[in-house]
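Okay, so here's the structure we're looking at.
The values are calculated or read from the model by the stated rules, or taken from the named source; none is laboratory data. Everything numeric in this text was worked out from a predicted model, so none of it was measured. Glycine also receives a Cβ, built like all others from the backbone with ideal geometry; neighbour counts cover every protein chain displayed. What goes into the accessible areas is simple: the full protein's heavy atoms, side chains included, and nothing from ligands, DNA or RNA. Shrake-Rupley method; radii C 1.70, N 1.55, O 1.52, S 1.80 Å.
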Amino acid sequence: MAQITSGYKVSKERLEELVEVKGKAMTTRLSPIDLETTQLGFANQEEFEVLTVDTLIETDWRSPIIKYVRDTSTDTERKIKYRALSYLLMGNELFKKTPEGILLKCLGESEAYLALSGVHSGVCGAHQAGHKMKWLVFRYGMYWPTMLKDCIEFAKGCQECQMHASVQHAPPSKLHSIIKPWLFRGWTLDLIEEIRPISSKGQRYILIGIDYFTK
């Protein structure tokens, strides 16, 4: 989380983008550099099929705002112009200005997931609920538009939280009271299991009658 907030960038040597290439007789995992310098071992490119390619390209919610902040003369939607009033661009990083004057670093989808993982189940994570996670992320100086929704969904999807959470005692549906208009309009009987030891009069069972009107 500290690296994300400070703008720490992972070097290209450490960042590997894996591509899985499956041919008719073999499966190979290659990095982008390997694709440029390594022969795939096939007669021609038509004999192999690329199954998955992760290019880390995503539709970033920050892109239209950054584009407008850099050049306000561009043709932009009115909604984007209004939103951009509360954002500030420092270098290549976008920050959101709070009413208190605090700058929050805006995160993309992948960075937001890493932040949620660190807050919820990281070294100092306490498996907090969604609303508490949102408060912690906000306190650490991070922001993205769907913070609360993502925090709630991340907490609900945590396997450890599901295994160790307390048993839910709330009924699955709303309870409805049974209303009766007069005495003994509705009543019920219940039999308690055998009493041990028996009473002084030799009674072994208790029969309970409940009237719905007076209880």
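Quick notes on this structure:
- The criterion of at least 1 residues that are closer than 21 Å to residue 61 by Cα is met, among strands (runs of 3 or more DSSP E) falling completely within the stretch 100-215, by 103-106.
- Members of the stretch 114-128 found to be of a type in the set (A, V, I, L, M, F, W, C) and open to solvent by 40 Å² or more (accessible area, probe 1.4 Å), listed by number: 114, 123, 124, 126
- Verdict on residue 131 being within 30 Å of residue 88 (Cα to Cα) and open to solvent by 60 Å² or more (accessible area, probe 1.4 Å): yes
- Residue within the stretch 108-119 that is over 27 Å from the mean Cα position of the chain (by Cα) and at pLDDT below 90 present: no
- Of the residues 99, 145, the single one that is loosely packed, with under 14 Cβ neighbours inside 10 Å and either within 22 Å of residue 159 (Cα to Cα) or over 22 Å from the mean Cα position of the chain (by Cα) (or both) is 99.
- Every pair of residues 6+ apart whose Cβ atoms lie under 9 Å, when the first sits in the stretch 199-215 and is acidic (Asp, Glu) while the second is in a loop (DSSP other than H, G, I, E, B) and open to solvent by 70 Å² or more (accessible area, probe 1.4 Å): 211/183; 211/184; 211/185
- Considering residues of the stretch 59-86 that are assigned to a loop (DSSP other than H, G, I, E, B) and open to solvent by 60 Å² or more (accessible area, probe 1.4 Å) only, the residue modelled with the highest pLDDT: 85
- Among the conditions (1) within 30 Å of residue 83 (Cα to Cα); (2) in contact with a helix residue (DSSP H, G or I) (Cβ under 7 Å, 6 or more places away or on another chain); (3) of a type outside the set (Phe, Trp, Tyr), the only one that residue 146 does not satisfy is (2).
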